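K.L.:
Would you mind keeping the following structure in view while I ask a few things?
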Amino acid sequence: MHSVRRVRQSPAAIQEKKERERSKIAEYLALTNDLISRKKNKDWSRDAFDATQRLLEKNPEFYTIWNYRRNILLNGIFPSSTPEQINNILADELMLTAMALKEHPKVYWLWNHRRWCLQNIPDGPIVDSTSSMQWRNDNWNKELAVVEKMLNADPRNFMAWNYRRYVLASMPTQRPELAELAYTTRKISSSFSNFSAWHQRSKVYTSLWRSGQLDPVKSRDEELELIHNAIYTDPEDQSAWIYHRWLMGSGDDESQLLRELAVIEELLSEQPDSKWCMDSLVYYNKLLLKKHRPHSTELREKCLALLQQLEDIDPPRRYRYRESGDSAAPHPVVQ
Amino acid sequence: MAQNLKLLVPLHVSYIQNLGKSQDELAYHLTAHLRMNAIYWGLTALYIMGHQGALDREEMIEFVMSCWDEEAGGFGAHPDHDAHILSTLSAIQILIMQDALDRLDVDRVVKFILSLQQPSGVFSGDSFGEVDTRFLYCAVNALSLLGRLSELDVERTVSYIRECRNYDGGFGATIGAESHAAQVFVCVAALAILDRLDVVDQQTLCWWLSERQLPNGGLNGRPEKLEDVCYSFWVLSALSILNKMTWIDSEKLVSFILSAQDPESGGIADRPGDMADVFHTQFGVAGLSLLGYPGLVDLDPVYCMPASIIEARGLRKGWKSLPRKSL
């Protein structure tokens, strides 16, 4: 159970609750037993289909009943339905699970059922003796809107983000990736703390650079501005700092590394106790040492001094800082 | 805050014993789809607290066998529920802890598990189900416990995990998914079983894992999220497998876990003041074992089972937990 507060109840109140639940339990078990025996008898009727809905409304996590419901559709209902009827049935399924998701946004089985429905949507009505893609397009487009609503309600719901990536990859008519970049911009602008959106952004950029739609050098400069904005807004929020490391990559561009070090130094002078400033300075100075200035004692000493400070201000991770110092200090870097 | 708290072993033992006796509560019936997992969590927690005999052995084995899905060749979570890889792994783990693996049709279960591997290398949970690195771990764990890892396409399996690795060192549920501590556990543990920890960017991952600890001592599962007792296990198991247990403050974490106990009815909750459940009880106790809490039995973080049982099967990997403190 997540985030359900503990409430002390008197023995009388507990007894009362049990009394109230008695008829509910009887009803639930009767429905369960009926459906399990229908399932064993391979009852693929409409009547059984309706009964699965009654049970799933009470318990959307009963995966066996979702499986049974899909088997009724596949074996009993679809074979005697026209493509248009199948499209309508699956649209109803999507509506039913959308309602359930509002109340149960983290139930895997609901997301799974939607996936299956979308995979089984017929293409579309026949127009001029060829099949159009209208039904498939309509439903997949609607799906993106559903995920967006879920992410408005909880911008960090990782199931919704995973599902969003699945929808974007599976839509019959692909959306331009620049639209997804704009979506992550909106999400990040409303909260710099939304690491899920930063993560998505790293994936979208990687793809846009690979396909040549954007120039990595130009995007990087724009991104750095966004990151600076975020770290100046809240220097102790991890999200932008982690993304920064991705953007800087292996640190091959020395001048960029130096520019970023200067920006962080400046922020540290305003926020002298900022752990993330110090940790990032160590990280980028070490990159500088490794890639560009293997013999700089000055850089090495700077790292060690910062690590000493980090040990003092962030004692839970002191052993990490100590080990990091060991690797920065004693032995000369081999070229 | 919780400096003087102790693990309330007798209370947690009776909490777990009573779970099976609450048929007069609606919640008991609404969670039937988790029953097999719940028994695995309860039994493992009891084992780690040194009370593995607190639940009736014969009754438990009979229950497990009554969940066998003859059509699929795997276990459901409850009698008459469909086979799923989650409940199948739990069933195997319970049978092994109860030394009753002779009851199992190993060939059929192995066939069921292998049938779930997809061309990409990942596993689905059942014949309908979605794919997830959780299911991949269940498959690798189960095949290893059954001594049948040689039948797995290891290269394909490892290649999927590698594809799920993110720049922060962590792993997600599928390719492209955000790093999440629970998915980090399943991927790192699967790689440990397959002797392929070279796939992990250990320095970066351990940095990310150590940043999961919050000022109150608890661990979260992703950046800028709330702490939760279950991450004590997801994060710690990975740190232990990668031998970086010292990178977080163990004393503060012990206090946090202990403060999430229900001091009246027993059990451990996701965080202080919340309702306890068997899932968080197990992962809280598992975390405490790895942290060297006095009086507990060693837990193997790779298989999430008692270490002695894994050692007896010759499956011990090179993980390190904190030394057991004396009482």
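K.L.:
Which order do A:T297, A:T185, B:T281 fall in if you start with the one that has the fewest other Cβ atoms within 10 Å?
P.N.:
So the residues, fewest neighbours to most, are A:T297, A:T185, B:T281.
K.L.:
With only alpha-carbon atoms in the gyration tensor, what are the semi-axes of the equivalent ellipsoid for segment B:227-327, in Å, largest first?
P.N.:
On the way: eigenvalues 104, 41, 30 Å².
Each semi-axis is √(5λ); the values are 23, 14, 12 Å.
K.L.:
Still on this structure: Residues of segment A:39-78 with the amide nitrogen closer than 14 Å to a label point 7 Å from the Cα of A:N120, along Cα-to-Cβ, please.
P.N.:
A:44-46, A:49-50, A:52-53, A:65-78
K.L.:
Quick one: grab the alpha carbon gyration tensor of segment B:126-220, order the square roots of its eigenvalues as a ≥ b ≥ c, and give me rounded if a/c is under 1.5, else prolate or oblate depending on whether a/b is larger than b/c.
P.N.:
prolate
K.L.:
May I ask you to derive the FRET efficiency for B:D298 and A:E27 from their Cβ-Cβ distance with R0 = 45 Å, giving the value to the nearest 0.05? Mind showing how you got there, number by number?
P.N.:
Working: r = 46 Å, r/R0 = 1.03.
That pair, B:D298 with A:E27, gives E of 0.45.
K.L.:
Take A:H295, B:H280 and order them by how many other Cβ atoms sit within 10 Å, fewest up front. All intermediate terms of the calculation are to be shown ahead of the outcome.
P.N.:
Details: A:H295 11, B:H280 28.
Fewest-to-most Cβ neighbours within 10 Å comes out as A:H295, B:H280.
K.L.:
On to the next question. Peptide B:172-182: average number of partner chain Cβ atoms within 10 Å per residue?
P.N.:
Values: counts 5, 5, 3, 3, 11, 10, 13, 4, 2, 0, 1.
Whole-number average of other-chain Cβ neighbours for B:172-182 is 5.
K.L.:
Averaged across B:201-209, how many Cβ atoms of other chains sit within 10 Å of each residue's Cβ atom?
P.N.:
On the way: counts 0, 0, 4, 1, 0, 2, 7, 2, 0.
Across the residues of B:201-209, the mean count of other-chain Cβ atoms within 10 Å is 2.
K.L.:
Per residue of A:59-69, count partner chain C-beta atoms within 10 Å of its C-beta, then hand back the mean as an integer.
P.N.:
Working: counts 6, 0, 5, 6, 12, 12, 3, 2, 7, 1, 0.
The per-residue average across the peptide is 5.
K.L.:
Roughly how big is chain A's charge dipole about its Cα centre, with Cβ charges of +1 (Lys, Arg) and -1 (Asp, Glu), in debye to the nearest 20? Could you put the intermediate results ahead of the total?
P.N.:
On the way: 48 positive and 46 negative charges, 314 e Å.
I would put it at about 1500 debye.
K.L.:
Something else now. Largest first and in whole Å, what are the equivalent-ellipsoid semi-axes of segment A:269-328 based on the Cα gyration tensor, each being the root of 5 times an eigenvalue? Write down the numbers at each step before the final one.
P.N.:
Numbers: eigenvalues 75, 35, 15 Å².
Sorted largest first and rounded, they come to 19, 13, 9 Å.
K.L.:
Taking a ≥ b ≥ c as the square roots of the eigenvalues of the Cα gyration tensor of the protein assembly as shown, is the shape rounded (a/c under 1.5), prolate (a/b larger than b/c) or oblate? Walk me through the intermediate numbers first.
P.N.:
On the way: a/c = 1.80, a/b = 1.23, b/c = 1.46.
Oblate, since a/c reaches 1.5 and b/c is not below a/b.
K.L.:
Right, something else. Using +1 on the beta carbon of Lys and Arg, -1 on that of Asp and Glu, and nothing else charged, what's the dipole of the protein assembly as shown about the Cα centre, debye to 20? All intermediate terms of the calculation are to be shown ahead of the outcome.
P.N.:
Details: 73 positive and 87 negative charges, 74 e Å.
Computed charge dipole of the protein assembly as shown: roughly 360 debye.
K.L.:
Fewest to most neighbouring Cβ within 10 Å: what's the order for B:D126, A:D128? The partial results should precede the final answer.
P.N.:
Values: B:D126 24, A:D128 5.
Lowest count first: A:D128, B:D126.
K.L.:
Also, I was wondering about something else. Specify which residue in the list A:P294, A:W276, A:A328 is farthest towards the positive end of the charge dipole of segment A:269-328, using unit charges on the beta carbon of Lys, Arg (+1) and Asp, Glu (-1), about the Cα centre.
P.N.:
Checking the options against the dipole of segment A:269-328, the answer is A:P294.
K.L.:
Spin-label point model (7 Å from Cα, Cβ direction): what's the A:H295 to A:T130 distance in nm?
P.N.:
7.0 nm
K.L.:
What are the residues whose amide H is under 5 Å from the amide H of B:D274, where those residues sit 5 or more places off or on another chain and H is modelled from the backbone?
P.N.:
Under 5 Å from the amide H of B:D274: A:R6.
K.L.:
If you don't mind, another one. With each label point set 7 Å from Cα along the Cα-Cβ vector, what nm distance links B:D99 and A:Q85?
P.N.:
Result for the modelled spin labels: 6.0 nm.
K.L.:
Okay, next question. Quick check: the angle from helix A:83-103's long axis to the longest principal axis of chain A, C-alpha only, nearest 10 degrees?
P.N.:
The answer is roughly 60 degrees.
K.L.:
Just how far, in whole angstrom, is segment B:222-300 from segment B:129-157 if you go by their alpha carbon centroids?
P.N.:
First find each Cα centre; the distance between them is then 26 Å.
K.L.:
Also: Using the alpha-carbon atoms, what tilt in degrees (0 to 90, nearest 10) does helix A:177-190 show relative to the longest principal axis of chain A?
P.N.:
80 degrees
K.L.:
Could you tell me whether chain B comes out rounded, prolate or oblate from its Cα gyration tensor? Rule is a ≥ b ≥ c as square roots of the eigenvalues, rounded for a/c under 1.5, then prolate if a/b exceeds b/c, otherwise oblate.
P.N.:
oblate
K.L.:
On a straight-distance basis, which lysines could pair with A:K275 in a cross-link, Cα separation under 30 angstrom, same-chain partners fewer than 8 positions away excluded?
P.N.:
A:K187, A:K203, A:K218, A:K286, A:K290, A:K291, A:K302, B:K225, B:K244, B:K252, B:K320
K.L.:
Which FRET efficiency value, to the nearest 0.05, is calculated for B:V106 and A:R322 with the Förster distance at 60 angstrom and r the Cβ-Cβ distance? Could you put the intermediate results ahead of the total?
P.N.:
On the way: r = 48 Å, r/R0 = 0.79.
Calculated transfer efficiency: 0.80.
K.L.:
A follow-up question, please. So how tilted is helix A:297-313 from the main axis of chain A? Cα-based, degrees 0 to 90, rounded to 10.
P.N.:
Once rounded, one gets 50 degrees.
K.L.:
How far apart, in nm, are two points set 7 Å out from the Cα along the Cα-to-Cβ line at A:R6 and at A:S37?
P.N.:
Spacing of the two 7 Å Cα→Cβ label points: 4.2 nm.
K.L.:
Gap in Å between the Cα centre of segment B:85-128 and the Cα centre of segment A:87-159?
P.N.:
Computed from Cα coordinates, the inter-centre distance equals 31 Å.
Throughout, read-outs are computed from the coordinates displayed, never taken from laboratory work. This one's a predicted model, so the numbers in the text were calculated from it and none came from an experiment. Quick reminder, even Gly has a Cβ in these numbers, built from the backbone with ideal geometry, and neighbours come from all protein chains shown.
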